[in-house]
Amino acid sequence: MCYEYRMSFKKRIFYIFSLFFLTYTFLIQPHTVNSSNILFEDDFEQNNLNGWTIHDGSWSIVDNNSSKWLETSTSPSNNAEIQAGDFTWTNYEFSFDIFPKTGTDRNIFFRVQNQRSTANSQLDLPVGYMLHLKADRIVLVKFDPSISTRLELNTNLSIPNNSLSHINIKLQDNNIKLFINNSSIPSIDFTDHSSPFLTGRVALASFAGSSGANILFDNIEVKSIDTSTPSPIPTTTPSPSPSPSASPSPTPSPSPTPLYISLPVPDIKQFVGGWENEIYDHTSSTISALGCALTSAAMVLQYHGFNFVTPDILNDWLNNEPDGYVRNGLINWLAVSRFSHPRLEYLRLPPTSENILNELENDRPAIVKVPGHFVVSKGETGSSFEINDPGYSGRDTLASYPNLLALNTFTPSQTDLSYMMFVADENIVLQLFDEFGNLVPTQNFLEGPIVEEGTTTENGETLSILLFSKPTNGSYTLSVGGGGGSYQLDVYLYDEEGNVIKQNFDGYIFENEKDQYPVSFNTQNNVVTTYKQILSDLENAYKNKLINYDKDYKKPKKNKKGLRNIYKLFGRKRLKSEKVYNSLKKQIEKSERYYKKGEYSKAKVILYSVKTQTSWLTPWFIDSEVSLALISNLQALISSL
């Protein structure tokens, strides 16, 4: 339809006007039409840009399907802008055809003022309104001299590449309507009640960011609107004149959100604020040296309404939780999730631009892991993302960190927070199988240590981690393999409320050998465990010879660290299963006596000791499955005291 209309219009012009008038009108003043309502038009068939002002970039006229089109092509971090018209234009309709070929940034300006905006330091933007015509959404934006405001967002629209779209923008006083492909229903209908721009010219642009773009434009038309008679909306069939009715009150517009989104995330530094000299975790270093992840978590918590949270408060809380930190100072994001109420559901994502942008568009700052450090993403820029850096004052964008490793996200949620997390040494390969022997899809990754700020000193070791979100109830098997040698395994099982059962095991494997750990998971992990139940389970395990001496435990292939701990506990003489059973039983009974006296702290200390001893004694004296169940019940009892 667009091509037919253009050709019929040109033929009509050709036959009505003389050759002299054609020459004068279209060659000398090709864009000015002496009509009562046409302010400007151009189909580029005269192969010139008379009437246009190029502000930036490269613009040219090209052939496309036997017609002339205006083309711009931008490379990454390049911009293009071309303007037309008069700054005194008031109410008008601005329509055009657009054929995007590559890229995602297509920018249309209207009510453009004779000044530039400093809202984004990396982009030279005009003051006025802009439509951001992306492939998966359209955003209406307002650029004042020093700030930008996102007025309205429509994510149900598509302006795909290699496809023709017809755009019509209707500007009536402070109301803006957008129609796409001759639809009678506006895709955007917005009334600006905050110092609206009521006059200005038009512009086509591509602020291409990091992707670049190639766009074709044609059939540009700006037509004035007679304010005394409302301009009809195109319809496919005639309709009767409507009866007069009172104009509805304008719907209050939502609070504006910045275009290049900038979420109001508190900018907290780990090196100043009164907490900088506090000891971080149970290390010998301070929050100032190692607290980048901790401080990032405090920023995200404050953004979501937990205004009381500072790095030192969160550090103290994590230190008093069984799962607050993972080994040497790595913050446990699942513990942070449990800290919040309402809950913030944790999810680890690949650190792609699309994932960061999606979090920002849903009002969620994310914690970005870079080598040895963590920062918080809080906004967009033209070519990068705005950040709060807890460790440095002059680093404002992710451009300072070209190597992104992970995205740690937190979503306000009332849903299931259950998780399995297994942590082992760097050389260990972790796999999880269901009860039928099928490999369970999980997130497996290496988590490197935090580096002390301003140095190259690493704190702790690289860890192998397996995450499994929202497991179903049932039996699983954890396979532990790798290069061989001794290893430490940490098991974290979280129920729906984020409550945790933590278990630690020391093991030893030969190269190409694997250890198997049975795991029984229940999301409703709220069964009250009693002293009587634990003692009964311990007795049944002993009677069934699941607490039994393994004659091979002294061989060098076994875990030397575990052996040393057993020797310290029971001595170096030949051990008997009865001695192990009686020792654990007596300690549990002693804890129960303290509990009945109301001395809960002493009762907990003994139970923690029994948990540790159980780990040391596995698998030499205690079967692995019995050990997991016993430690789970001990932790549940500790949590209930």
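The values are calculated or read from the model by the stated rules, or taken from the named source; none is laboratory data. Quick caveat, the model's predicted, so the values are computed rather than measured. Here Cβ is always computed from backbone atoms with ideal geometry, including for glycine, and neighbour counts include all displayed protein chains. Only protein heavy atoms, including side chains, enter the accessible area calculation; ligands, DNA and RNA are left aside. Shrake-Rupley method; radii C 1.70, N 1.55, O 1.52, S 1.80 Å.
Of the cross-linked pairs K369/K514; K470/K545; K545/K585, those separated by over 23 Å at the C-alpha level are K369/K514; K470/K545.
Put I38, I631, I147 in order of accessible area, highest first, and with a 1.4 Å probe you get I147, I38, I631.
Each Lys or Arg adds one and each Asp or Glu subtracts one; over the other residues with Cβ under 12 Å from the Cβ of F143, this totals +2. Summing charges over neighbours of T411, with a neighbour being any other residue whose Cβ is under 15 Å away from its Cβ, gives 0 when K and R count +1 and D and E count -1.
For the range 77-123, the gyration tensor built on C-alpha atoms gives an oblate shape. Its axis ratio a/c (a ≥ b ≥ c) is at least 1.5, and a/b is not larger than b/c. Packing-based ranking of 355-366, 101-112 yields 101-112, 355-366, ordered from highest to lowest mean Cβ neighbour count within 10 Å.
Evaluated with a Cβ-only charge set (Lys, Arg +1; Asp, Glu -1), the range 97-227 carries a dipole of roughly 160 debye about its Cα centre, given to the nearest 20. The orientation-averaged projection of the convex hull spanning the C-alpha atoms of the range 294-435 amounts to 10.2 square nanometres.
For the range 261-374, the normalised intensity computed at q = 0.21 Å⁻¹ comes to -1.26 (log10 of I(q)/I(0), Debye sum over alpha carbons, equal scatterers, no solvent). Packing, taken as the mean count of other beta carbons within 10 Å per residue, orders the peptides 446-458, 285-297, 489-501 from highest to lowest as 285-297, 489-501, 446-458. Working ranking of peptides 124-135, 50-61 by packing, defined as the average number of other Cβ atoms within 10 Å per residue, highest first, is 124-135, 50-61.
With K and R counted +1 and D and E -1, the other residues having a Cβ less than 14 Å from that of G498 yield a net charge of -3.
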